[in-house]
Amino acid sequence: MATTISIADIANYEGQEVTLQGWLYNKTGKGKLQFLKVRDGTGIVQCVAFKKEMPEEAFEVARRIPQETSLLLTGMVRKDERAPGFPGGYEIGITQLDVIQEAEEYPIGHKEHGVEFLMENRHLWVRSPRQWAILRIRATVIRAVRDWLDDHGYLLVDTPILSSSAGENSTDLFEIDYFGQPAYLAQTGQLYNEANMAAFGKVYCFGPTFRAERSKTRRHLIEFWMVEPEMAFFSLEDLMDAEEAFVMYIIQQVLEKHRPELEMIGRDLGPLESIAAPFARISYDEAVERLNALAAETDDPERKSLLEIEWGTDFGSPHETAIAEMFDQPVFVYHYPTACKAFYMQPVEGRPEVCRSVDLLAPEGYGEITGGSERIFDLDLLQRRIQEIGIDPENYKWYLELRRFGGVPHAGFGMGIERTVAWICGLPHIRETIPYARMLTHLTP
Ligand code: 4AD
Ligand code: MG
């Protein structure tokens with residue numbers, strides 16, 4: 001009996017007879033020689049069906065079966081530098097081949113397909129090598145996120161998805177009927193993180209978050225995964241230090257584990273390999289000055305108007321892209337106008353029109369990948385902010401109460417997994433970074 005192996009481990013079986021369980025990905029060849037590319041979820045290997053070396057019926061099977069047929073295959077592992085595949089460098093000389101289920105005509109063949117069609121067939125598209133590579137990288141990003149936090153004294157404390165009030169703002173909430181009372185899908189776990197921070201010091205939550213945004217951009221999803229660390233006694237500077245180390249670790253893990261995948265999706269590794277701490281840290285004021293200076297130097301009137309910015313307005317994506325281009329590195333922009341940000345952000349001492357917030361902008365036009373701040377911990381000040389903004393303090397009763405029982409300076413941030421994966425993989429659109437994207441026009445599959 002041949003050993004059943006995973007393609008990922010094929011290098012350990014050179015010269016041995018093995019069995020593979022998988023799917024036919026592609027087939028070429030003619031006459032007495034057929035090349036079957038077989039994938040098993042862990043990799044792709046070229047398997048050679050040579051009429052003289054296998055039973056007649058098995059060869060007929062090899063010749064007949066279409067793409068995505070599930071199969072059981074036995075053969076000899078041979079080393080061959082030129083053999084295509086993932087990891088590549090080995091092929092299998094087939095000695096036996098059995099069909100598990102012969103596939104019907106596969107809608108996603110090897111020709112080009114439009115993105116709309118692929119999105120409609122996402123349940124099949126996830127099998128394509130490029131999508132497979134991206135989702136493997138996503139899994140490593142998530143693992144790196146957890147490992148770094150777990151290894152640096154942060155405790156995972158889960159926060160609820162169903163909530164009775166807004167977290168960030170009330171404009172993009174998903175409302176549901178909670179036994180006759182309105183409830184909302186979580187936009188953030190932050191408010192609960194702040195309660196947990198006072199119990200455990202450094203905490204994080206990590207889960208899906210929901211924004212009923214009508215925006216149809218390449219950076220926005222309706223459902224996305226966010227990791228949110230929250231730390232007692234952290235200043236804005238501590239926050240930036242932590243984010244920097246965290247992001248560096250994620251990049252390093254992906255580069256260490258997924259060079260072949262990055263190459264497979266055509267990622268230019270140069271910009272990724274050159275990411276190095278410390279990242280630039282500039283204030284919103286400075287960013288605005290730099291943008292307007294750049295606009296002044298620009299002849300193209302259209303670009304000029306995209307870059308120009310009035311103090312007090314939030315950045316659009318052309319602004320974020322231009323700022324990151326000035327540094328060719330991720331860049332922290334801190335002290336945004338208070339009016340642009342959420343109600344809970346700590347105002348800057350003596351200059352309440354700006355707050356102790358920070359966004360991390362990724363290079364290569366990927367924009368904001370993290371957003372965070374110091375939080376207001378003074379009860380009176382927070383009550384005043386809630387009043388100024390005009391939200392109902394009744395909805396924030398327990399949140400306000402945290403400021404009555406040992407309030408401390410604290411800070412935290414949120415990082416969107418999909419934006420991070422899009423940047424690391426160099427993808428033009430966020431939709432490929434999540435297995436089943438939820439967008440304005442996509443709820444199925
Ligand atoms: O800036 P945001 O809205 O921050 C918060 O929710 C804070 N409560 C986080 C915190 O301080 N604990 O979102 C944080 C990050 C963004 O930087 C971005 O990476 C991602 O979440 N994000 C989105 N990703 C995909 N689609 C969307 N619609 C996103 N909105 C935010
Ligand atoms: Mg933000």
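The values are calculated or read from the model by the stated rules, or taken from the named source; none is laboratory data. The structure presented is a predicted model; accordingly, all values stated were derived computationally and were not measured. Cβ coordinates were reconstructed from backbone atoms using ideal geometry, including for glycine residues, and neighbour counts include every protein chain displayed. These area figures cover heavy atoms from the full protein model, side chains too; ligands, DNA and RNA do not enter into them. Shrake-Rupley method; radii C 1.70, N 1.55, O 1.52, S 1.80 Å.
Rounded to the nearest 10 degrees, what's the angle between the helix 129-151 long axis and the longest principal axis of the chain, both from Cα atoms, 0 to 90?
50
Taking one equal scatterer on every alpha-carbon of the stretch 131-264, how large is log10 of I(q)/I(0) by Debye at q = 0.09, 0.13 1/Å?
-0.33, -0.68
Kindly provide the helix-only [θ] at 222 nm of the chain, computed as the sum of -39,500 (n - 2.57) over DSSP H runs of four or more divided by all residues, to the nearest 500 deg cm²/dmol? Don't jump to the answer; show the numbers that get you there.
Details: 14 runs with 143 residues, N = 445.
The helix-only estimate for the chain comes to -9500 deg cm²/dmol at 222 nm.
What are the residues whose amide H is under 5 Å from the amide H of Ala280, where those residues sit 5 or more places off or on another chain and H is modelled from the backbone?
Amide H to amide H, under 5 Å and 5 or more residues apart or across chains, Ala280 pairs with Phe332.
Could the peptides 169-181, 126-138 be put in order, highest first, of the mean number of other beta-carbon atoms found within 10 Å of their residues?
Details: 169-181: 11.3, 126-138: 18.6.
The most tightly packed comes first, giving 126-138, 169-181.
Over the alpha-carbon set of the chain, divide Rg by the Kirkwood Rh and report the Rg/Rh ratio to two decimals. Spell out each step's value before the answer.
Details: Rg = 26.3 Å, Rh = 24.7 Å.
Value, to two decimals: 1.06.
Before I look further, what does the stretch 228-283 give for accessible area per residue, probe 1.4 Å, in whole square angstrom?
Working: 2200 Å² over 56 residues.
For the stretch 228-283, the per-residue accessible area is 39 Å².
Between the stretch 155-180 and the stretch 311-345, what is the separation of their alpha carbon centroids in Å?
26
Starting from the Cα of Gln383, step 7 Å along the direction of its Cβ; do the same at Lys79; then give the gap between the two resulting points in nm.
7.6
So for each of 82-91, 367-376 I average, over its residues, the number of other beta carbons within 10 Å; can you give me the resulting order with the highest mean first? Could the numbers behind the result be given before it?
Working: 82-91: 17.0, 367-376: 24.0.
Averaged packing, sorted descending, gives the order 367-376, 82-91.
Take the Cα pairs of the stretch 3-101, get the Kirkwood Rh, then feed it into Stokes-Einstein at 20 °C and 1.002 mPa s and tell me D in µm²/s.
Working: Rh = 12.9 Å.
Taking Rh from Cα pairs, D becomes 167 µm²/s.
If you split all Cα-Cα distances of the stretch 339-429 into 10 Å bins from zero, what percentages do you get per bin, shortest first?
15, 38, 27, 16, 4
So if each residue of separation counts as 0.36 nm, and I subtract the Cα-Cα distance between Val99 and Lys216, what length gain in nm does that give?
Details: separation 117, 0.36 × 117 = 42.12 nm, distance 4.36 nm.
That pair, Val99 and Lys216, stretches by 37.8 nm at full extension.
Computed FRET efficiency, Cβ-Cβ of Arg130 and Ala296, R0 25 Å: what is it to the nearest 0.05?
Values: r = 42 Å, r/R0 = 1.67.
After rounding to 0.05, the efficiency reads 0.05.
Over what distance in Å are the Cα centres of the stretch 358-430 and the stretch 20-91 separated?
The stretch 358-430 and the stretch 20-91 have Cα centres spaced 52 Å from each other.
So which chymotrypsin sites (Phe, Trp or Tyr not before Pro) in the stretch 292-363 pass both tests, a DSSP loop state and at most 13 other Cβ atoms within 10 Å of the Cβ?
On the way: sites: Trp311, Phe315, Phe327, Phe332, Tyr334, Phe343, Tyr344; in loops: Trp311, Phe315, Phe343, Tyr344.
Here the sparse-neighbourhood loop sites are Trp311.
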